[in-house]
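The values are calculated or read from the model by the stated rules, or taken from the named source; none is laboratory data. These figures come from a predicted structure and were not determined experimentally. Positions of Cβ are backbone-derived with ideal geometry, glycine not excepted, and every protein chain shown enters the neighbour counts. Note: accessible area is taken over every heavy atom of the protein model, side chains too, but ligands, DNA and RNA are not part of it. Shrake-Rupley method; radii C 1.70, N 1.55, O 1.52, S 1.80 Å.
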Amino acid sequence: MNYREAMEYMEQAGQYGVVPGLESVRQLCGRMGNPQESLKFVHIAGTNGKGSVSAFVASVLKCAGCRVGSFSSPALKERESIRVNQVPITQKAFCQGMELVKEVCGGMQKEGLPHPTPFEMETALGFWYFREKQCDIVVLETGMGGLLDATNIVEHTCAAVITSISRDHTQFLGETLSGIAAHKAGILKKGCRAVTGVQKPEVMEVIREKAAGLGCPLTVADAGGAAHVHYGLERQWFDYGGYSKVEIGLAGQYQIENAVLALETLKCLKESGFPVTEASLRKGMARAQWPGRFAVIGRKPWFVADGAHNEDAAVRLRESVELYFPGRRVIFIMGMLKDKEHEKVIAGMHSLADQIITVTPPDNPRALPAYLLAREAAEYHKNVTAADSLEEAVEMSYLLAGKEDVILAFGSLSFMGRLPDIVGKRKGAEGKGNARGNKSV
């Protein structure tokens, strides 16, 4: 199996849809030798902030000398879901692992068992790779929910972390915050350390009850305790928990909250015996990167990309835009999936925009067509245009924006990964054009 064939096999498995539950992934991993049983985990669930908290924790553990596996979904680029010390799984290893996954899936089908879904296959592949690379610890993000998420077959959880919880995936997790919280809190294992940010009262009640029932010491990370906060697009810093001037390179007002949650998680890991020192903590927090979360990918005009795709994330994104770019003219590039809260996101964001350009997130069967999103946006805003492609949307935004304006691309993470290349190529072509023009003069 070559790399193209492996990717095609994963894509074809998409026909099996989303099947919440653990039996299929247990069968798959069991027949692969249960690689997850030889690994230790920081397991992270939540609606928003999982990726950023994961990035902080993994970066610090790497700087502390650990070999760190990282698993996240969705990924912005191919193979980035599975990383060791921040390096994606190689094509060779991906193909090798997928050969084993395919063989096992075929055997399951012959026995009349359901074929595992792509996410279950990717999860099993990740566990296999992390065992092969002899990882000291794996920072493991849930895909959806927690209780019935494929990642939740793990048992050796050192810390279970719950980030901000709001409404998302309601068709699977339910409509109430307490019901969603019960799914997220399903990652807690008997006696593990539990860490959460400050949540809404009904959410906190569920988490506290679950932690108490399993004998999990619970730490609540309160970002309100962060002092002397300095916000910036390039660097931010704050004081917290005995540390002064902790520096982070991730922009966004909400990243202070994520960073505080990561610090409390790392404190728990240190108390559990992991070699987290003040030096490794400072270095790791400063070096952490997580593309697609208020990421600056262009200047003059500013071009910012953010994966806000639900109501809560949109509120936080709006706060960051108002903080960093007060009074600036803003052009939106917006793309959403059909099953996300697109109308609520539009309702919360539209008044910031001078112009809204909609796009269809590419290569995703759940993508909401640009013209339908434009139709919804037009109910709130008078200047709305549907673009035929991401490239066209970027070109249109640059034509509309002055050097002091802001282009804000947000919505589905499924198109965030392509934006830096598109913007970079456009800037490169523009630079060559200027150079040729100067030479001819």
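Just a few scattered comments:
- Checking each residue in region 102-132 for being over 25 Å from the mean Cα position of the chain (by Cα) and β-branched (Val, Ile, Thr) picks out only 104.
- Every test in (1) under 28 Å from residue 237 (Cβ atoms); (2) in contact (Cβ under 8 Å) with a residue 40 or more places away in the chain; (3) open to solvent by 10 Å² or more (accessible area, probe 1.4 Å) is passed by residue 341 save one, and that test is (1).
- With respect to the conditions (1) aliphatic (A, V, I, L, M); (2) out of contact with any Asp or Glu (no Cβ under 9 Å at 6 or more places or on another chain); (3) at pLDDT below 90, residue 416 falls short on a single one, namely (2).
- Count of residues meeting criterion [under 15 Å from residue 309 (Cβ atoms), open to solvent by less than 60 Å² (accessible area, probe 1.4 Å) and touching a helix residue (DSSP H, G or I) at 6+ places or on another chain (Cβ under 7 Å)] in region 347-376: 9
- Within region 215-233, considering residues that are in a loop (DSSP other than H, G, I, E, B) and aliphatic (A, V, I, L, M), the one modelled with the highest pLDDT: 226
- Residue, nearest to residue 261 (Cα to Cα), within region 275-324, restricted to residues that are of a type in the set (Phe, Trp, Tyr) and open to solvent by less than 10 Å² (accessible area, probe 1.4 Å): 294
- Among (1) open to solvent by 70 Å² or more (accessible area, probe 1.4 Å); (2) closer than 24 Å to residue 290 by Cα; (3) in a loop (DSSP other than H, G, I, E, B) - the single one residue 245 does not satisfy: (3)
- Scanning region 139-161 for residues that are farther than 23 Å from residue 215 by Cβ and in a strand (DSSP E or B) returns 139, 141.
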